[in-house]
Each structure stands twice: as structure tokens, then as C-alpha cells.
1. THR90 is checked against (1) over 17 Å from PHE19 (Cα atoms); (2) surrounded by 17 or more Cβ atoms within 10 Å (Cβ to Cβ) and fails just one. What number does that condition carry?
2. Pick from ARG63, ARG13: which is within 19 Å of ALA125 (Cβ to Cβ) and out of contact with any Phe, Trp or Tyr (no Cβ under 8 Å at 6 or more places or on another chain)?
3. Any idea which residue in the range 228-247 is modelled with the highest pLDDT, counting only those that are closer than 16 Å to ALA178 by Cα and touching an Asp or Glu at 6+ places or on another chain (Cβ under 6 Å)?
4. Based on what the data block shows, is ILE192 under 30 Å from PRO325 (Cβ atoms) and either in a strand (DSSP E or B) or not acidic (Asp, Glu) (or both)?
5. What pairs can you find where one residue is in the range 254-273 and on the phi > 0 side of the Ramachandran plot and free of Cβ contacts under 8 Å to residues at least 12 places away in the same chain, the other is crowded, with 18+ Cβ neighbours inside 10 Å and assigned to a helix (DSSP H, G or I), and their Cβ atoms are less than 6 Å apart, with a gap of 6+ or different chains?
6. What's the number of the only condition in (1) hydrophobic (A, V, I, L, M, F, W, C); (2) closer than 24 Å to THR123 by Cβ; (3) modelled with pLDDT under 90 that LEU89 fails to meet?
7. Restricting attention to the range 101-110, does a residue exist that is modelled with pLDDT of 85 or more and loosely packed, with under 15 Cβ neighbours inside 10 Å?
Amino acid sequence: MSLLKRADKMIARQVLLTFLIVWAVLVGIHAFTAFANEIDEIGQGNYTLTVALTYVAWTIPRRAYEMFGIAAVIGGVIGLGALAPTSELTALRTAGWSKRRLAWSTLVVIGVLSIPVMWLGETLAPDGEKRAQGVVVGAKSQDLVVTNNTGMWARDGQDLLNAKQGRVLKQGIELIDARLYRFDELGRLLTITRGALATFENGAWQFNDVSRYTFSESAIETTELDRWQWDSQVDPKLLSLSIVDPSYQRLDDLRGHIEYRTRNRLDATTFESAFWARIFFPLSVLAPLLIALPLVFGALRSGGFGKRLFIGLMIAVAYYVVLQPMAINAARVAGVSLILAYTVPPLLLITIGWWRLGRG
């Protein structure tokens, strides 16, 4: 038992130390590349060097979350493989330790680390991303939020809301030059309500300085109002979150988007994909690691560890860049549940990797 504990601690310490170094390096490179891309933007409005650095700093938690999977593969392979030159792995194999047992120690370390990283993806990462977006928007556009060239759009039943610009405030979101288009069941335009400003108050949207146009078969009636209320289920929080990539949002926020888009018969696959990616995050981390770990033990016999490490890195990159996106796109095209896309490929890799570790 004492040998078992000492060996597990030795492997865990080596893998953990190596992983943390690799993780820090990858996040640093990722952040530096992002900062380099921001240099050309400096000078737009109030966007200064300090603002660019602040923006990148706020995105570090999100980048750490994104880089965890690749760092796990590299750190796990290097960490466990680093015991080969000093003959610790050979000694443990001679003492009767199987490759699966040695790999298990590495998998446990990475698996345990994935728990706080999931928490990071639910807390600091989305909060940091929202703050980063706010810093950029505030500096470049005087706190105005523009989702695309035609503004911000939202739908609630037969109503279609468009705001040319928006501003995120502490108490909510403020829509500027808001226009509400109301259609009948046949898609015919009934009214256009235009407000210079729209805010969410007491559970409803309040349009201010309103021009309202009512369409009939023979005429267009115009009404001018100081205020007009739109009772709608459109959540202002969802509109403010529309400027943040779904991959960086909290699970509760993603669930809200999915319910809203499903209720209005809109495509929700982007948000569903981000939701299930967050749920099955540990699987997507352990699968490429387990498929790469057998390379460590091949190095014991034939050398060429650097070459095998490169292959392991390519496996990780191929999984995140090719295999997983391909499975998700195939599921969308085939109309298959995205749950299968996020479970079948990693479980297949885990099965293959575990089988390979059991050989020899």
C-alpha cells in the first residue's frame, strides 16, 4: 500500500506540475496573440493601449477554460513520459503495474482538475467576457452596443423588435431608435411602433417619444404618443447577452436563450451546442488524453518521445478542430440530438484508448 501511495503521489505531482506549466504557456500565448490583434484597433474613439490590455486581461479566464483540454493532453503526456528517462516507469512496470494503472493516475489528476475548470467556465469566464465586451464597446462607441450592421433583433410571437443601437446599464438595457413590427398570422404587417428610446420597466417595455403607424387596406394611420407599453416576454438580459458569444455564456443564460428561441420557433442549435459542450466538458478533455497516453509507453521501448508527443498534440488538435465540430455539424444536418454528438465521439475515443492501454 505504501508503494502504491508513493507511486500515485509521484505521478500526480509530476503530471500536475507539467500540466500547470503547459497551461500557463498556452494561455499566455493565446492572450498575447489576442493583444497583438488589438493593436490595430488602438486609436478608435477612446480605445487606448491601457483599454486593450484591460480587455485582454478580462478574457484570460475564458482563454484558460478554452486551453484546458489541449493543455491536459500535452501536460499529461509530457508529465507521465518524463518519468521514463529516469526509469521510474520501467521500475513500476517491472513491479507489476499495468499501463492502465499508470494511465489511471494521470486521468484522475486531470479529471479532478476539470471540476474547478468547469466552475471557472460558469463564473469568471462569462463574467470576464461580458466585462471585456463592455470595455471594448464603451471605448469605441461611447457605451453603445451594436450587434450587427442592422442593429439588435428579437422576436416574440408575431412581434419583431429591432433597435439600431443599445446601451447596457447597471439596471438593465436601453434600446435606442427601437422599432416594433407587428404581423398577423399570414405575415401581413399590421403596425410599426417606433420609439426614440425603449427601456424595460415593471415587467414591460416602455417606448418613449413614440410614432405609431397602423396599416389597413386603404390607409396608414399615424399616432404620436409620449409613452407606449409593450407587454412582452422578451427578457432584456437576453438582449444584453446577445453581444456575447454563446460559448462564453452561463448554463442558465444558455437555457434562457434556448427556451426563448424555441418558443418563437427560431433556430436554437447554436445555444444548444454551447449548452451541451459545457455539460460534457470533462468527456471532451479525457477522450483525447486517453487516446494519446499509449504513446508514452511506446516511447519506453523504441524512444522517439518527441515524435510521439507531436503525434499526441496533433490528436488533441484534430479532436477539437476537426472531429468534434464534424460530429456536431453531422448531427445538425441529420436532425439527430446534439447529446449524441457530444457523447459518442469521446466515448469511442475513450474505448479505443483504454483498449490500447490493455494491450501488451
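1. Unmet condition: (2).
2. On the way: ARG13 fails: within 19 Å of ALA125 (Cβ to Cβ).
Every option except ARG63 fails the conditions.
3. By that ranking, first place goes to SER232.
4. Spelling it out, it is not the case that ILE192 is under 30 Å from PRO325 (Cβ atoms) and either in a strand (DSSP E or B) or not acidic (Asp, Glu) (or both).
5. Filtered contacts from the range 254-273: no entries.
6. Evaluating LEU89 over (1) hydrophobic (A, V, I, L, M, F, W, C); (2) closer than 24 Å to THR123 by Cβ; (3) modelled with pLDDT under 90 leaves (2) as the failure.
7. Checked the range 101-110: at least one residue is modelled with pLDDT of 85 or more and loosely packed, with under 15 Cβ neighbours inside 10 Å.
Listed here are the residues, each with its yes/no results for (1) of a type outside the set (Phe, Trp, Tyr); (2) at pLDDT 90 or above; (3) touching a helix residue (DSSP H, G or I) at 6+ places or on another chain (Cβ under 6 Å).
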position	(1), (2), (3)
LEU180	yes, yes, no
PHE183	no, yes, no
GLY187	yes, no, no
ILE192	yes, yes, no
HIS257	yes, no, yes
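The values are calculated or read from the model by the stated rules, or taken from the named source; none is laboratory data. No experiment lies behind these values; they were computed from the predicted model shown. Note: ideal-geometry Cβ built from the backbone for every residue, glycine included; neighbour counts use all protein chains shown.
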